[in-house]
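Participant: Following this message is one structure expressed as structure tokens.
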Amino acid sequence: MSKPYFIPPIDEEPRMPGSEAELDPPPQWEPRYKGSERLKDKVAIVTGGDSGIGRAVAALFAREGADIAIVYLGGEEDADAAETKAFVENEGRKAITIAGDLGDVDFAKSVVAQTIDAFGKLDVLVSVAGEQHPDTDLGDITPEQLLRTFQSNIHSMFYLTQAALPHLKEGAAIINTTSITAYAGEKELLDYSSTKGAIVAFTRSLSAQLAPKKIRVNGVAPGPIWTPLNPFGGSTPEKLATFGADTPMGRPGQPNEVAPSYLFLACGDSSYMSGQVLHPNGGMIVNG
Ligand code: NAD
Ligand code: MG
């Protein structure tokens, strides 16, 4: 990317989650290939589907024939969610948008209920929603932030998967979003990277539990990807200035370079894989 990255004014409080429409340069999220009906007539829930990686997943799944429930936190993200929904509909598929806090167990239950109401079934559950807050010192992480980050990133997965499970049948797929930070560590993201480590363990354990039911559970561990998460307070301005430069490829990834990992894990192409994590991360070797 030739342009410098958008850095929000430092006298402004971080506005989280951010609005993708304000990012400069705009992330590349639209699918890069024609569809081949890999998810024909499937129904997927995509959390965090308004923006960033989740938006690219929703768009690619629609191109491959799926109807999508787009779940997101809300507020300033309504316009992003509406744009993702319009893309799905333009692919000839159906979409609903559901705004709320997945750290709240009742909301998580209502997401599944609304999806079943709208589409009558559920085949693929994709958890992408998450938040991160940088802190240089361990001591700066408040109990409130610690709890909040765990609620958004991992409690949400327990709640949503618990609610979804009664509807998932043989052949269904669950895909969770972890991070390079779970494998390589990140000195300014102790709470966030800990949730991502928990997500790896959750994915492996749930895979073992659900394999006899022929439901596959896998994960994706992105490296630095150009989405609202880091520019809108998830990184310090110093780190943002060289975002992605320390990967072997020397650049951040785009959401549409990550979404195909989710597609592979969602469809029958990965029928002999469960409990695994894919690493679209610009070439970093993580051995996991
Ligand atoms: P993003 O801000 O576009 O997406 C995150 C979404 O999560 C937001 O749109 C928001 O609506 C949703 N969300 C956050 N908290 C929520 C809550 N409590 N309830 C409901 N929705 C909530 O950013 P992104 O980079 O696309 O992030 C997607 C996922 O990818 C996150 O889990 C993030 O940890 C992970 N990830 C991102 C990167 C990266 O560099 N961007 C790297 C590794 C992992
Ligand atoms: Mg968003």
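Participant: If the viscosity is 0.890 mPa s and the temperature 25 °C, what Stokes-Einstein diffusion coefficient in µm²/s follows for the stretch 37-278 when Rh is the Kirkwood radius over Cα pairs? Could you put the intermediate results ahead of the total?
Facilitator: Numbers: Rh = 17.8 Å.
Estimated via Stokes-Einstein, D reaches 138 µm²/s.
Participant: Let me ask something else about it. Starting from 0.36 nm per residue, how many nanometres of slack lie between Met249 and Ala201 once their C-alpha separation is accounted for?
Facilitator: Values: separation 48, 0.36 × 48 = 17.28 nm, distance 2.81 nm.
Here the segment from Met249 to Ala201 would lengthen by 14.5 nm.
Participant: Could you work out the longest stretch of the chain that avoids the GluC sites (Glu not before Pro) located in DSSP loops with at most 12 other Cβ atoms within 10 Å? Walk me through the numbers on the way to the answer.
Facilitator: On the way: sites that count: Glu12, Glu37, Glu170.
Result, exposed sites excluded: 38-169.
Participant: Need one number: nm distance between label points at Asp106 and Thr136, each 7 Å from Cα along Cα→Cβ, rounded to one decimal.
Facilitator: Label-label distance for Asp106 and Thr136, simple model: 4.2 nm.
Participant: So, one more: If the viscosity is 1.306 mPa s and the temperature 10 °C, what translational diffusion coefficient in µm²/s does Stokes-Einstein give for the stretch 136-288 when Rh comes from Kirkwood over Cα pairs? It would help to have the intermediate numbers written out before the result.
Facilitator: Working: Rh = 16.5 Å.
In µm²/s, the coefficient rounds to 96.
Participant: Next up: Which residue fluctuates most in the GNM of the chain (Cα springs below 10 Å): Ala95, Ala62, Ala113?
Facilitator: Fluctuation is largest for Ala113.
Participant: On a 0 to 90 degree scale, rounded to 10, what angle separates helix 52-63 from the longest Cα axis of the chain?
Facilitator: Taking the Cα atoms of the chain, the angle to 52-63 is about 30 degrees.
Participant: A follow-up question, please. On a straight-distance basis, which aspartates and glutamates could pair with Lys121 in a cross-link, Cα separation under 13 angstrom, same-chain partners fewer than 8 positions away excluded?
Facilitator: Of all the aspartates and glutamates, those that pass the test against Lys121 - Cα under 13 Å, at least 8 places apart if same chain - are Asp41, Asp67, Glu170.
Participant: Normalised by the number of residues in the stretch 37-278, what is the relative contact order in percent for Cα pairs under 8 Å and 6+ residues apart? If you can, show how the numbers build up before the last one.
Facilitator: Values: 478 pairs, mean separation 50.1, N = 242.
Relative contact order comes out at 21 percent.
Participant: Give a quick list of chymotrypsin sites (Phe, Trp or Tyr not before Pro) in the stretch 227-288 that DSSP marks as loop, anything other than H, G, I, E or B, with at most 14 other Cβ atoms within 10 Å. Numbers along the way, then the final one.
Facilitator: Details: sites: Phe232, Phe243, Tyr262, Phe264, Tyr272; in loops: Phe243, Tyr272.
Within the stretch 227-288, the qualifying chymotrypsin sites (Phe, Trp or Tyr not before Pro) (loop, at most 14 other Cβ atoms within 10 Å) are Tyr272.
Participant: Right, next: What is the calculated FRET efficiency for Gln276 to Phe158, with r their C-beta to C-beta distance and R₀ = 25 Å, to the nearest 0.05? Don't skip to the end; give the middle numbers.
Facilitator: Values: r = 20 Å, r/R0 = 0.81.
Computed FRET efficiency for Gln276 and Phe158: 0.80.
Participant: Ok, one more. Taking only DSSP H segments of four or more residues, each worth -39500 (n - 2.57), what value at 222 nm results for the chain once the sum is divided by all its residues, to the nearest 500 deg cm²/dmol?
Facilitator: Working: 9 runs with 96 residues, N = 288.
So the helix-based figure for the chain works out to -10000 deg cm²/dmol.
Participant: Summarise the accessible area of the chain (1.4 Å probe, protein heavy atoms) by the percent that is carbon and sulfur. Write down the numbers at each step before the final one.
Facilitator: Working: 6680 of 12670 Å².
Here carbon and sulfur together make up 53 percent of the probe-accessible area.
Participant: Write out the chymotrypsin sites (Phe, Trp or Tyr not before Pro) in the stretch 184-231 meeting two conditions: DSSP loop, and at most 10 other Cβ atoms within 10 Å of their Cβ. Working shown, then result.
Facilitator: On the way: sites: Tyr192, Phe202, Trp226; in loops: Trp226.
Filter output for the stretch 184-231: empty list.
Participant: What does the charge add up to near Thr195, with Lys and Arg as +1, Asp and Glu as -1, over the other residues with Cβ less than 13 Å from its Cβ? Show your work: numbers first, answer last.
Facilitator: Values: positive: Arg148, Lys196; negative: Glu131, Glu186, Asp191.
Once all neighbours under 13 Å are counted, the net charge is -1.
Participant: Angle, helix 190-210 long axis vs. longest principal axis of the chain, Cα atoms, 0 to 90°, nearest 10?
Facilitator: That helix lies at roughly 20 degrees to the long axis.
Participant: Sticking with this one: Considering only protein heavy atoms, what per residue accessible area in square angstrom results for the chain with a 1.4 angstrom probe?
Facilitator: Numbers: 12670 Å² over 288 residues.
Spelled out: the 1.4 Å probe surface of the chain, per residue, equals 44 Å².
The values are calculated or read from the model by the stated rules, or taken from the named source; none is laboratory data. Please read these numbers as outputs of a predicted model, since none were measured by experiment. FYI the Cβ positions are ideal-geometry reconstructions off the backbone, even for glycines, and counts take in every protein chain you see. Remember, those area values only see protein heavy atoms, side chains included, never the ligands or the DNA or RNA. Shrake-Rupley method; radii C 1.70, N 1.55, O 1.52, S 1.80 Å.
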